[in-house]
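The values are calculated or read from the model by the stated rules, or taken from the named source; none is laboratory data. The structure presented is a predicted model; accordingly, all values stated were derived computationally and were not measured. As a convention, Cβ positions derive from the backbone with ideal geometry for all residues, glycine included, and neighbour counts pool all protein chains shown.
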Amino acid sequence: MRSTGRYVVSTTLGEAVRAFVPHALPPSKPPLALDGYAQANREAELALARLSGVSGLVPSVDWLLYSAIRKEALLTSQIEGTQATLTDLLDDEAGFAVRNTDDVEEVTNYLRAFRAVQEQLRNPAGLPLSVRLLCDAHRLLLDGARGAGKQPGELRRSQNWIGGTRPGNAVFVPPPAEQVPTLLADVERFIHDAPNPLPPLVKTALIHAQFETIHPFLDGNGRIGRLLIAALLEHWHLLPEPLMYLSSYLKQHQAEYYRRLSAIRTDGDWEGWVAFFLEAVAEAAAEAERSIVAIASLVAADRRKLLAASKAGPASYRLFEMLPMMPRFTIEHVRQKLETTFPTATAAVKVLEDLGLVTEQTGQKKNRSYSYQGYVELLTR
């Protein structure tokens, strides 16, 4: 059996515990058995290529990014127990009152962290994929009430543990805090090690698992580790835009996800984890592709309905094109977005409402809010 690390004695809360310190990547003694992965890797890369291609079905890739990034933000947060829904998130962005305000804040923080990382990677003068960039993302992720005591943006300075009520009965104890900077530096070196012959998706699988094993922060490790997957897909040009929400598959198979990560440490089973990861990528890319086709079909059918309507005019056309990135709105939102008068905005909304494209949500005479409901239902499936 392959050894993937060593145990050292660490003391936390007055208890001596066996903390796991992983060996540097890539796996060795024996090296990763890649023979069984060639086909799975090809299928996953092909699924990503198809996903990139199908994005050409819609006039604006921004529509697709709007929904895909929000789904990923929501699902990666739900894996950690956040109760917010996609409707909560869309309502919050529209300025409507929401329940679960702290949960929604956690999801919007992930969105901010994701965008910040993407901006750095796309800027020729920006930070490369590095420990410093992940710390910057972590600072944004934990910004707010819940993260205040969790050292936002800083590597942990104390021993943490996973599962159990105390260190002594923990399911897993990550490496001692003093080892974390060196271990992360090894991961950073592996990311930028050009001569490494492993396929990029396999390297991405290894890096995510290693990051979760190191567990370098006091909180937010799962979300930053999954954000790292998206950043690596960008870094290696595997997906030109972040259209895939991998956390959907990981949430559906959450027990298996954790079991596969754990088996690396307990059984040296890197191969089982890589196989699971490649299947997750292929399935998530196919799911995102189906979602794009469904969105493109809905919007095209609704556009045809609008163009055939005798009362439709320039304001209602412009409003309709905004809906995929503004699926919940008020007439005041529309007035501001169209830079028009309140009566013109009201008339534009009424055209869409009469056609059944948008529905009023409150049943009130004043302060009414609207939803592009068919689209919202597609996103929340």
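Checking the structure you have, find out if any residue of the range 151-162 is assigned by TED's automatic domain parsing to the domain that holds LEU183, aromatic (Phe, Trp, Tyr), part of a loop (DSSP other than H, G, I, E, B) and surrounded by 17 or more Cβ atoms within 10 Å (Cβ to Cβ). Checked the range 151-162: at least one residue is assigned by TED's automatic domain parsing to the domain that holds LEU183, aromatic (Phe, Trp, Tyr), part of a loop (DSSP other than H, G, I, E, B) and surrounded by 17 or more Cβ atoms within 10 Å (Cβ to Cβ).
Can you pull out the residues in the range 102-129 that are part of a helix (DSSP H, G or I) and among the hydrophobic types (A, V, I, L, M, F, W, C)?
VAL104, VAL107, LEU111, ALA113, PHE114, ALA116, VAL117, LEU121
Within the range 300-329, residues that are of a type in the set (A, V, I, L, M) reach partners that are part of a loop (DSSP other than H, G, I, E, B) with beta carbons closer than 6 Å, at six or more positions or on different chains, in the pairs LEU306/ALA312; ALA309/LEU355; LEU323/TYR372. Of all the listed residues (LEU278, LEU357), the sole one being at pLDDT 95 or above, in a helix (DSSP H, G or I), aliphatic (A, V, I, L, M) and under 28 Å from TYR245 (Cβ atoms) is LEU278. The residue that is nearest to the chain's Cα centre (by Cα), among those in the range 240-260 that are surrounded by fewer than 18 Cβ atoms within 10 Å (Cβ to Cβ) and in a helix (DSSP H, G or I), is LYS251.
Being in contact with a helix residue (DSSP H, G or I) (Cβ under 7 Å, 6 or more places away or on another chain) and modelled with pLDDT under 95 is the filter here, so list the residues in the range 12-25 that pass it. Write out each step before concluding.
Step one: of the range 12-25, the residues in contact with a helix residue (DSSP H, G or I) (Cβ under 7 Å, 6 or more places away or on another chain) are 12-13, 15, 17, 20-22, 24-25.
Residues satisfying the conditions are THR12, LEU13, GLU15, VAL17.
For LEU323, the test of being under 28 Å from VAL54 (Cα atoms) and assigned to a helix (DSSP H, G or I) is passed. Among the residues making up the range 172-213, those that are under 25 Å from ARG260 (Cβ atoms), of a type in the set (A, V, I, L, M, F, W, C) and free of Cβ contacts under 8 Å to residues at least 40 places away in the same chain are VAL180, PHE211.
Listed by first and then second residue, the pairs linking a residue in the range 1-28 that is basic (Lys, Arg) to a residue that is surrounded by 12 or more Cβ atoms within 10 Å (Cβ to Cβ) and assigned to a strand (DSSP E or B), with Cβ atoms under 8 Å apart and 6 or more places separating them unless they lie on different chains, are ARG6/PHE20; ARG6/VAL21; ARG18/TYR7; ARG18/VAL8; ARG18/SER10. Yes or no: VAL54 farther than 27 Å from ILE224 by Cα, under 23 Å from the mean Cα position of the chain (by Cα) and in contact (Cβ under 8 Å) with a residue 12 or more places away in the chain? Against the criterion (farther than 27 Å from ILE224 by Cα, under 23 Å from the mean Cα position of the chain (by Cα) and in contact (Cβ under 8 Å) with a residue 12 or more places away in the chain), VAL54 qualifies. Against the condition touching a residue at least 60 places away in the same chain (Cβ under 8 Å) and under 18 Å from the mean Cα position of the chain (by Cα), how does ILE264 come out, does it pass? Spelling it out, it is not the case that ILE264 is touching a residue at least 60 places away in the same chain (Cβ under 8 Å) and under 18 Å from the mean Cα position of the chain (by Cα).
Across the range 2-28, the qualifying residues are those that are surrounded by 15 or more Cβ atoms within 10 Å (Cβ to Cβ) and of a type in the set (A, V, I, L, M), and the one among them that is farthest from the chain's Cα centre (by Cα) is VAL17.
Might you let me know whether the range 180-201 holds any residue that is in the same structural domain as GLY81 (by TED's automatic domain parsing) and within 18 Å of the chain's Cα centre (by Cα)?
yes
Which one of ARG139, ARG132, ARG99 is without any contact (Cβ under 8 Å) to a residue 12 or more places away in the chain, outside any loop (DSSP other than H, G, I, E, B) and surrounded by fewer than 20 Cβ atoms within 10 Å (Cβ to Cβ)?
Numbers: ARG139 fails: without any contact (Cβ under 8 Å) to a residue 12 or more places away in the chain; ARG99 fails: outside any loop (DSSP other than H, G, I, E, B).
Within the list ARG139, ARG132, ARG99, the selection yields ARG132.
Residue-wise test of (1) among the aliphatic types (A, V, I, L, M); (2) farther than 30 Å from LEU355 by Cα.
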| residue | (1), (2) |
| --- | --- |
| GLY220 | no, yes |
| LEU228 | yes, yes |
| TYR257 | no, yes |
| LEU261 | yes, yes |
| ALA284 | yes, yes |
| ILE295 | yes, no |
| LYS305 | no, no |
